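Rule-based calculations on the coordinates, nothing more; no lab input. Just so we're clear, the structure is a prediction, and the values are computed from it rather than from any experiment. Virtual Cβ from ideal backbone geometry, glycine too; neighbours counted across all protein chains shown.
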Amino acid sequence: MRHRKGNRKLSKATDQRLALIRSMVRSLYIHGRIEVTLTRAKEVRKMAEKYIAISKKNDLNARRKMEKFLGEKKVVTQVFKTFPERFEGRPGGFTRIIKTGFRKGDAAPLAILELV
């Protein structure tokens, strides 16, 4: 059963939401950590972990999927050089969410999303 398995909409249209998630995943892969709201961190974590697991396969199909999602070949080559050996013995749980407090303007809960 798949009851209540939907994604968070993040108050955006589908194309905007996917673009936002893609850019955040790209930034996470480049910098290793990003600071975002808690709900966005939870959504980005899903996609980031999915594509790290794909990169561990390290074959042509995995590379093509990653290029299609991220859109930058430099980031994809960096991911395929570092991630398979970095997360070699780890079956999952490649990211960590650390709650940092609340934003001053609207009291939204903030979190740091980082690679383990």
For the range 1-32, name all the residues that are closer than 17 Å to F87 by Cβ and under 10 Å from the mean Cα position of the chain (by Cα). V25, L28, Y29
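Could you tell me whether A111 is in contact (Cβ under 8 Å) with a residue 12 or more places away in the chain and either surrounded by fewer than 13 Cβ atoms within 10 Å (Cβ to Cβ) or under 16 Å from G32 (Cβ atoms) (or both)? Step through it out loud before you land on a result.
Numbers: in contact (Cβ under 8 Å) with a residue 12 or more places away in the chain: yes; either surrounded by fewer than 13 Cβ atoms within 10 Å (Cβ to Cβ) or under 16 Å from G32 (Cβ atoms) (or both): yes.
For A111, the condition - in contact (Cβ under 8 Å) with a residue 12 or more places away in the chain and either surrounded by fewer than 13 Cβ atoms within 10 Å (Cβ to Cβ) or under 16 Å from G32 (Cβ atoms) (or both) - is met.
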Do we have any residue at all in the range 40-53 that's of a type in the set (G, A, S), surrounded by 17 or more Cβ atoms within 10 Å (Cβ to Cβ) and under 14 Å from V116 (Cα atoms)? yes
State which residue is surrounded by the fewest Cβ atoms within 10 Å (Cβ to Cβ) when the search covers only the range 1-16 and only residues that are under 24 Å from G105 (Cα atoms) and in contact (Cβ under 8 Å) with a residue 24 or more places away in the chain. R8
Every residue in the range 65-97 that is in contact with a strand residue (DSSP E or B) (Cβ under 9 Å, 6 or more places away or on another chain) and either outside any helix (DSSP H, G or I) or of a type in the set (A, V, I, L, M) (or both), please. F87, F94, T95, R96, I97
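Of these, A41, A62, A53, which one is of a type in the set (G, A, S), over 13 Å from the mean Cα position of the chain (by Cα) and part of a helix (DSSP H, G or I)? Talk me through it step by step, then tell me what you get.
Numbers: A41 fails: over 13 Å from the mean Cα position of the chain (by Cα); A53 fails: over 13 Å from the mean Cα position of the chain (by Cα).
None of the other options fit; the residue is A62.
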